[in-house]
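Report on the following structure.
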């Protein structure tokens with residue numbers, strides 16, 4: 001059953017109150033997204049009132065000493081562009097650069113930290129391989145075209161954001177927010193499971209990172225592209241981390257890669273799960289941060305969080321992941337920030353209103369906010385900027 005979002009958490013109108021809440025909890029940064037379809041409701045027609053709204057939002061953040069971390073594309077695409085082929089058409093690269101130019105021109109020097117695209121590989125997997133989101137495709141060829149266009153669009157937007165004047169301000173910091181799961185074989189003794197995990201890691205994680213650092217995207221047996229304009233277009237690594245995913249070799253016609261994600265496998269190896277059934281494994285978070293730490297760029301944790309029906313378990317999730325991050329930093333990982341997902345409960349895409357990730361609970365009937373105990377305990381860490389290691 002499809003569930004309409006309606007007002008969701010209504011932050012578009014309630015942003016000032018939510019920013020007051022964030023500041024009261026000791027936060028000093030806030031990640032948010034620009035809605036492209038509000039800015040450009042029809043091709044080439046710009047809504048100046050919508051742009052003025054986002055200018056007001058940035059001003060409200062700055063007034064509360066909250067550093068804006070702004071995302072240009074977070075899964076949603078204007079319908080007029082979808083009608084032209086969306087991310088499957090090469091036209092998207094120019095359209096996205098033009099949109100980025102309009103946004104940076106309006107927001108000016110109010111934003112230093114930019115995210116061009118949120119979770120590009122999740123977008124490809126869900127919308128063009130699994131068929132969960134629009135256009136509901138299940139087509140490897142089309143999925144590969146979308147991957148290439150996302151990389152080229154990011155590169156074009158990167159240059160637009162860097163070329164924008166910032167008199168007297170430090171240069172912008174531009175990245176993507178990449179969902180970076182740790183892929184493990186379901187049966188470590190079985191070579192095909194190990195191969196499936198390694199191939200998935202290459203296709204989902206490493207190829208994208210290499211494209212945006214070296215200008216080359218390559219997955220053996222699938223495709224290799226040289227995209228020189230994408231080389232060195234990450235000023236920092238934006239990492240979304242939620243846990244491990246177990247891979248099982250399970251060939252089927254049309255599958256890519258020939259593996260299935262098995263959340264229910266190996267209960268002995270994955271004894272703790274979120275209420276979404278996702279594996280809780282802070283050690284993998286430590287390993288991912290340590291891996292990126294050796295690549296010489298700053299790291300911003302752009303998402304990390306959990307839906308837990310038991311809020312005490314949510315706090316334990318947060319605490320253990322912060323401890324893993326602190327250990328990685330002690331080992332040299334240059335982490336510059338951590339953004340919990342999310343400040344308040346939200347409409348969780350295909351999963352609707354069921355999952356509750358917020359540090360503050362939302363009563364969707366009244367839009368009231370109630371800070372959870374996990375939110376209060378996280379606030380103590382934010383204010384002190386310290387966490388005890390175990």
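A short reminder: the numbers here are calculations on the coordinates, not readings from a lab. Given the structure is predicted, the values throughout are model-derived calculations rather than measurements. Positions of Cβ are generated from backbone atoms using ideal geometry, with glycine treated the same way; all protein chains shown enter the neighbour counts.
Just a few scattered comments:
- Of all DSSP beta bridges confined to the range 28-179, the antiparallel ones make up roughly 5%.
- Relative to the globular-protein estimate of 2.2 N^0.38 Å, the Cα radius of gyration of the chain stands at 0.96.
- Take the Cα radius of gyration of the range 132-233 and divide it by 2.2 N^0.38 Å, N being the number of residues; the result is 1.31.
- Packing-based exposure ordering (other Cβ within 10 Å, fewest first) of 2, 102: 2, 102
- The range 319-340 and the range 99-144 have Cα centres lying 27 Å from one another.
- Here is the tail figure for the range 262-390: Cα pairs spaced more than 18 Å apart come to 57 percent of all pairs.
- Average Cα contact separation per residue, the chain, under 8 Å, 6 or more apart, as relative contact order %: 14 percent
- Whole-number percent relative contact order across the range 270-312, with pairs defined as alpha carbons under 8 Å at least 6 apart: 41 percent
- Inter-label distance, nm, simple model (7 Å from Cα along the C-beta direction), residue 389/residue 83: 5.7 nm
- Anisotropy class of the range 28-179 from Cα gyration tensor, a/c 1.5 cut: prolate
- Taking the average, over residues, of other Cβ atoms within 10 Å as the packing measure, peptides 218-227, 161-170, 112-121 rank 112-121, 218-227, 161-170 from highest down.
- Distance from the Cα centroid of the range 18-50 to that of the range 363-383 is 21 Å (rounded to whole angstrom).
- Highest-first arrangement of 303-314, 141-152, 231-242, where packing means the average Cβ count within 10 Å: 231-242, 141-152, 303-314
- Among beta bridges that DSSP assigns inside the chain, antiparallel share in %, nearest 5: 30 percent
- Shown for 321, 74: other C-beta atoms within 10 Å of each C-beta, ranked fewest to most, produce the order 74, 321.
- Taking 7 Å steps out from each Cα toward its Cβ at residue 350 and residue 223 produces label points 2.1 nm apart.
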